[in-house]
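Undergrad: Pasting a structure below so you can have a look.
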Amino acid sequence: SVVNPVKCISRISSIVELSEKTKKQFWIILQNSTLGGKDPMGLAAAIYLSCVINGKNKTRKDIACATGVTEVTIRNRYKV
């Protein structure tokens, strides 16, 4: 089944404490890339990338804990 990214980002952003600017960057990345295309938790890579772009001090481990995916999954999707 397809997971609604709006619900995912709301839940994850509250856990990781993302700023509005970072959430907006996430949506831009999601609309212009394939990061969300395979597995809904591939969104974790888009979240991580938006944190990197905005200079937020969030590690892959932080995002992995919030999303329930491994750091390796984020790293591999981030490379794509």
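The values are calculated or read from the model by the stated rules, or taken from the named source; none is laboratory data. Please read all numbers here as calculations on a predicted model, not as lab measurements. Cβ coordinates were reconstructed from backbone atoms using ideal geometry, including for glycine residues, and neighbour counts include every protein chain displayed. Areas reflect the complete protein model, heavy atoms only, side chains present, ligands, DNA and RNA absent. Shrake-Rupley method; radii C 1.70, N 1.55, O 1.52, S 1.80 Å.
Undergrad: In this structure, does Ile53 turn out to be surrounded by fewer than 19 Cβ atoms within 10 Å (Cβ to Cβ) and modelled with pLDDT of 90 or more?
TA: yes
Undergrad: Restricting to region 59-72, and then to whatever is surrounded by 19 or more Cβ atoms within 10 Å (Cβ to Cβ) and either of a type in the set (Ser, Thr, Tyr) or not in a helix (DSSP H, G or I) (or both), can you tell me which residue is farthest from the chain's Cα centre (by Cα)?
TA: Step by step, filter region 59-72, then rank; the result is Val69.
Undergrad: State whether the residues of region 27-46 include one that is open to solvent by 90 Å² or more (accessible area, probe 1.4 Å), modelled with pLDDT of 85 or more and over 10 Å from the mean Cα position of the chain (by Cα). Break it down stepwise before answering.
TA: Filtering region 27-46 down to residues open to solvent by 90 Å² or more (accessible area, probe 1.4 Å) leaves 31-32, 34, 38.
Remaining after also requiring modelled with pLDDT of 85 or more: none.
Checked region 27-46: no residue is open to solvent by 90 Å² or more (accessible area, probe 1.4 Å), modelled with pLDDT of 85 or more and over 10 Å from the mean Cα position of the chain (by Cα).
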